[in-house]
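So that we are looking at the same thing, I have put the structure below in structure tokens.
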Amino acid sequence: EIKSIEQQLSLIDHLIILTTVFILILIGALGFLIGKTIKIMKGINSQLSESESKYRKLTEQANEIIGKFNADGNLVFANDSFKKKLEYSDDELSSLFISDILVGNSSTINKLHPQFKEIITNVKRVLKSKSGKRIYIEGTVFLEYSNEKFIGSMGFFNDVTEKKQLEKSIIASEEKFRQLFNLAPMPMWLFNSKTYQFTQVNKAAIT
């Protein structure tokens, strides 16, 4: 019986040793996998940080007016062009709302888009700077959703103020010409050079 018990104990010792070796091998393999996973994650995080840094630099230095707002209309990001055009400092941006810079009705600004549409192109708005100067912009708005709920938007706009001012100047000049043409004491008219049909005549010509 003693010999039988000794044989059983010896077998148990062998099993314990084999189990311990197996566990050590598993721990070593697990440690290797964890180390490799950590290394891969560090590489991914490094790439993400680098991409984010490049993206931030790109948006910061872009000539476009770039701003990001949350669902409540509070500004959460603005690039240098945004700050320069709208004349706001970094300290003032955190408390800035879209209603502070948008000319016209801004209460439904986040409801103007179709439900769950992610990109709105050809967006035209008029902004007002801190000093009250009007800035005409055209561009694209990217809408963000989470669980089918609108959480914010990011806009990329070009400053078209000079273009708008030129259009207004042209319209004003055309209006002045039209008034001079209509009110001139001399009969004046325009006609088609091919058909010789009158296209425009002033009051003096009619009289």
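Filter region 81-126 down to residues that are part of a helix (DSSP H, G or I), closer than 27 Å to residue 162 by Cα, open to solvent by 70 Å² or more (accessible area, probe 1.4 Å) and at pLDDT below 85, then give me how many there are.
1
Still on this structure, please answer the following. What residue, of 68, 42, is modelled with pLDDT of 85 or more and basic (Lys, Arg)?
On inspection, the qualifying residue turns out to be 68.
Take region 130-188 and flag every residue that is farther than 29 Å from residue 89 by Cα, open to solvent by less than 60 Å² (accessible area, probe 1.4 Å) and of a type in the set (A, V, I, L, M).
172, 184
Within region 64-74, can you find the residues that are open to solvent by less than 10 Å² (accessible area, probe 1.4 Å) and closer than 16 Å to residue 144 by Cβ?
66, 67, 73
Related question: Give the residues of region 128-152 that are within 23 Å of residue 164 (Cβ to Cβ) and either among the charged types (D, E, K, R) or within 16 Å of the chain's Cα centre (by Cα) (or both), sorted by residue number.
128, 130, 133, 134, 137, 138, 139, 140, 141
The values are calculated or read from the model by the stated rules, or taken from the named source; none is laboratory data. This one's a predicted model, so the numbers in the text were calculated from it and none came from an experiment. Every residue, glycine among them, receives a Cβ derived from its backbone with ideal geometry; neighbour counts consider all protein chains shown. These accessible areas exclude ligands, DNA and RNA; they are computed on the full protein's heavy atoms, side chains included. Shrake-Rupley method; radii C 1.70, N 1.55, O 1.52, S 1.80 Å.
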